[in-house]
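Engineer: Got a structure here, written out as structure tokens. Questions coming.
Every number in this text was worked out from the coordinates using simple rules, so none of it is lab data. Predicted, not measured: the structure shown is a model, and the values here were computed from it. Here the Cβ is made from the backbone with ideal geometry for all residues, glycine too, and neighbour counts use every protein chain on show.
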Amino acid sequence: MLTNPERIQIRQLLQSPQWQTAERVANEMCDGLAKDTKLRDTEWETLKATVYDEGQLNGIKRLIKQLYEIAQST
């Protein structure tokens, strides 16, 4: 569980100009993963690549969403 000072730090981070840059990098990573071809040599490799990339996308988006939710709860 995060302490109130930690929540305040997260809110301040999200309000900083540096955060805009970090969020832009995260969005560019997501765009790159989404555009990358998943087609591989076998069906199994294609499925594995698809699931792996989707997991990365979901993880990045989930982290950003969680940070905004924490910032709103302070």
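Engineer: Could you run the Karplus curve 6.51 cos²θ - 1.76 cosθ + 1.60 with θ = phi - 60° over region 11-17 and give me ³J(HN,Hα) per residue in whole Hz, x for Gly and Pro?
Structural biologist: Along region 11-17, the couplings run 4, 5, 4, 5, 8, 7, x Hz.
Engineer: Length gain on complete extension for the stretch residue 45 to residue 60, per 0.36 nm per residue less the alpha carbon to alpha carbon distance?
Structural biologist: Full extension of this stretch gives 3.1 nm more.
Engineer: Normalised by the residues of the chain, what does the relative contact order come to in percent, with Cα pairs under 8 Å and at least six apart?
Structural biologist: RCO, the chain: 51 percent.
Engineer: For residue 34, what charge total do you get from the other residues with a beta carbon under 12 Å from its beta carbon, if Lys and Arg give +1 and Asp and Glu give -1?
Structural biologist: In short, -2.
Engineer: Kindly provide the Kirkwood hydrodynamic radius of region 4-72 in Å, to one decimal, from all pairs of distinct alpha carbon atoms.
Structural biologist: 13.7 Å
Engineer: Under 9 Å from the Cβ of residue 74, count the other residues' Cβ atoms, weight Lys and Arg +1, Asp and Glu -1, and hand me the total.
Structural biologist: Overall, the nearby charge balance is +2.
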